[in-house]
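Below is one structure, written out as structure tokens, with a few remarks after it.
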Amino acid sequence: MLRGELIGLRAQQDSDVEVFEAELLNDVETRVRSDSRPWRPVAPGSADSPYRGPAVRGDHGEVVKFSAVELATGELVGEALLWAIDLHNRSAHIGISLRPAFRGKHLGTDVVRVLCRYGFAIRGLHRLQVDTLADNDAMIGAATRAGFVLEGTLRQEAWVNGSFADGVILGQLASEWPPAGPSSSPADRVVGQERLTA
């Protein structure tokens, strides 16, 4: 398990997938804002579920999926992933989705920090990127607190609930990680074996 201050990232388990399908996949309002594909109903356990199937997405490169758990309680907080991993350019995108009961508790920042440690220190990537809607204050806040920098706005790039919405791109380079200052986690500065457990 990769550990942050509040959360840990571990391999997804079958029981996690069932929770994600029940709480995240069928959360229509959140799903249409976080996925570039149109929402459609998917029955739990269906082979069409994005939570089941291979860890590689064809043209989108390798995907590494994690389950985020609260360290204090062991409760499943949500999912976290690196996607579109490009080994030639040493880059990837990050994504997180928290269960409704865990939103608004600033756990997202710790999830992003641990994903950065995985991407930069463990995978040796050079660049990580966040793509989100311009009004997704929670994701933008979590990313900027973890050291990401706003790089640009994509005007009317996403079709969301009947109209186009702006998107933003945030990025962080390996040379900028870990971010300095009070907003960085002490765990970001420790990448030794003591932070990784089986």
note = Within the range 91-106, the residues whose backbone N lies under 19 Å from a label point placed 7 Å from the Cα of residue 49 along the Cα-to-Cβ direction are 96-101
note = Calculating semi-axes √(5λ) of the Cα gyration tensor in Å from this structure picks out, from [x] 34, 22, 20; [y] 41, 19, 15; [z] 24, 21, 17, entry [z]
task = For the chain, with a Gaussian network of springs between Cα atoms less than 10 Å apart, report the residue from 175, 67, 97 with the top mean-square fluctuation.
result = 175
query = Ignoring any ligand, DNA or RNA, what whole percent of the accessible area of the chain comes from carbon and sulfur when the probe is 1.4 angstrom?
reply = 53
Residue of 164, 66, 20 that the Gaussian network model of the chain assigns the largest fluctuation, springs spanning Cα pairs under 10 Å = 164
message = Taking the full set of protein chains and a 1.4 angstrom probe, give the accessible area of residue 177 in square angstrom, rounded to the nearest 10.
response = 40
inquiry  = Once R0 is set to 41 Å, what does the formula 1/(1 + (r/R0)^6) return for the Cβ-Cβ distance between residue 101 and residue 175, expressed as a FRET efficiency to the nearest 0.05?
reply    = 0.65
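The values are calculated or read from the model by the stated rules, or taken from the named source; none is laboratory data. Quick caveat: nothing in here was measured; it's all calculated off a predicted structure. Cβ: placed from backbone, ideal geometry, glycine included. Neighbour counts: every protein chain shown. The area values use the complete protein model at the heavy-atom level, side chains included, leaving out ligands, DNA and RNA. Shrake-Rupley method; radii C 1.70, N 1.55, O 1.52, S 1.80 Å.
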